[in-house]
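The values are calculated or read from the model by the stated rules, or taken from the named source; none is laboratory data. Only a predicted model underlies this, so the values are computations on that prediction, with no experimental measurement involved. Note that each Cβ is placed from the backbone with ideal geometry, even for glycine, and that neighbours are counted across all protein chains shown. When the accessible area is computed, the model is the full protein with side chains, heavy atoms only, and any ligands, DNA or RNA have been set aside. Shrake-Rupley method; radii C 1.70, N 1.55, O 1.52, S 1.80 Å.
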Amino acid sequence: MEKKIAIIMGDGIGPEVTEQSIKVLNAIGRRFGHQFHYTYGLMGADAIDKTGNPLPDETIVTCLESDAILFGAIGHPKYDNDPTAKVRPEQGLLKLRKELQLFANIRPVSTYPSLQHLSPLKTKQLKDVDFVIFRELTGGIYFGKKELSEDKTQASDLCVYSKHEIERVSHLAFQYAQKRKKKLTLVDKANVLETSRLWRKVVQEIALQYPDITVDYMFVDNASMQIILYPAQFDVVLTENMFGDIISDEASVLTGSLGLLPSASVGNKTALFEPIHGSYPQAAGKNIANPLGSILSSAMLLDHFQFTAEAAAVRAAVEWTLANGFVSKDIDAINNYSTTAIGDLITDHIERNTGSESHGTNESFNKSTII
Ligand code: IPM
Ligand code: MN
């Protein structure tokens, strides 16, 4: 099949990890007989430097005309410590989410046996950890009215949610839970916030339509503790925009490295796939970044095209690199491989394993690619 993919490399390590994903997608194309056509768009600090605008209109058009978007990362330190900056890289991503109505951000949190020693948690707490965070992505405090008083001594950010905004992401989360362990946890702060009380009311109503799903409700302060204490209790976690931002970073450390986690943002238009790590400017250009978050995001992109065997081939190749110690510096500070070497190993693995997706750990590999 032919598919159009918009590529937004973005800032920091975004370009180098996204390039590995493109190699991997091309290998999938060769093995499974697909043609992927890439169109490149600018966003973030890169776009500000080149055009003055964190999200040029051409990028939005490119995204709307594509079947999926693969995005790297956004952000640059020169803006982080300047609260007065009028134009910020993040505005590009927030605008893109709004323009494409990417209202649901899906962040799977799974652990890999070979990486458990890297997790700050004890191995027994990591047993059976496999959950997915559904973060509402186009509403709440991120998008409410922002004000700064004239004398610049008072500021406010309004948190607004409509019933409709809560319903559409909730339905996706319930349907997802139906395909999994059939449990959904709503994370909110309903003891304090009016928006959270609306979330609870709407989710309670929707729950009636999904009698096969067990629903529980947790305040966000308690949830952030439970994610550390007993993460295996979660299946699908549904939450609003800012709580989702915070708890998904928290949850990502369970796996051992933030560099591993992929995400998908879906809505009514083109869906977007990106690693959850940020632009990691200290590592940019050094060929040391972990490309797996991006490559696993490509697997989610393939799932979105309903290319299930293709996505499985990518995940099998990723698991093979992890099991054999072909890992980046964030995972092993002493014996590690470069970003491009890991991309090459995964690409080779996909092209050479045209049969079953289960592979032994002593399989041969093309050594030339890792030197
Ligand atoms: C994320 C990021 C973004 C967010 C930033 C870059 C605006 O942290 O995707 O989680 O806060 O949503
Ligand atoms: Mn975040």
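Assorted remarks:
- Once C-alpha pairs closer than 8 Å and six or more residues apart are averaged by separation and normalised to the residue number of region 106-262, the relative contact order reads 37 percent.
- Accessible area expressed per residue, the chain, with surrounding protein chains retained (probe 1.4 Å, Å²): 44
- The Rg/Rh ratio for the chain is 0.96, where Rg is the radius of gyration of the alpha carbons and Rh is the Kirkwood radius.
- For region 255-267, 3J(HN,Hα) per residue [Karplus equation, 6.51 cos²θ - 1.76 cosθ + 1.60, θ = phi - 60°, Hz, x = Gly/Pro]: 6, x, 8, 4, x, 9, 8, x, 8, 10, 10, 10, x
- Computed E for Ile246/Arg197 - FRET, C-beta separation, R0 25 angstrom, nearest 0.05: 0.80
- Table column - 3J(HN,Hα) (Hz), region 185-200, Karplus curve with 6.51, -1.76, 1.60, x for Gly and Pro: 10, 8, 9, 8, 9, 6, 6, 10, 9, 5, 4, 5, 5, 5, 3, 5
- Modelled spin-label separation between Lys286 and Lys4, with each label point placed 7 Å from Cα along the Cα-to-Cβ direction: 3.9 nm.
- Farthest toward the positive end of the dipole of the chain, out of Phe219, Ile342, Val61, is the Cα of Phe219, where the dipole comes from beta carbon charges about the Cα centre.
- Simple spin-label estimate for Arg315 and Tyr217 in nanometres, 7 Å along Cα-Cβ: 3.3
- To the nearest 10, the accessible area of Val192 is 90 Å² with a 1.4 Å probe.
- Looking at region 117-150, the GluC sites (Glu not before Pro) that sit in a DSSP loop and have at most 11 other Cβ atoms within 10 Å of their own Cβ are Glu150.
- For the chain, the fraction of 1.4 Å probe accessible surface lying on carbon and sulfur atoms is 54 percent.
- Within region 31-124, GluC sites (Glu not before Pro) in DSSP loop having at most 16 other beta-carbon neighbours inside 10 Å: Glu65
- Computed extension length for Tyr230-Glu150: 24.1 nm, one decimal, from 0.36 nm per residue of separation with the Cα-Cα distance subtracted.
- Difference of contour (0.36 nm per residue) and Cα-Cα distance, Thr354 to Lys179: 60.2 nm
- Spin-label model distance (nm) - Val61 vs Asn335, 7 Å beyond Cα toward Cβ: 5.2
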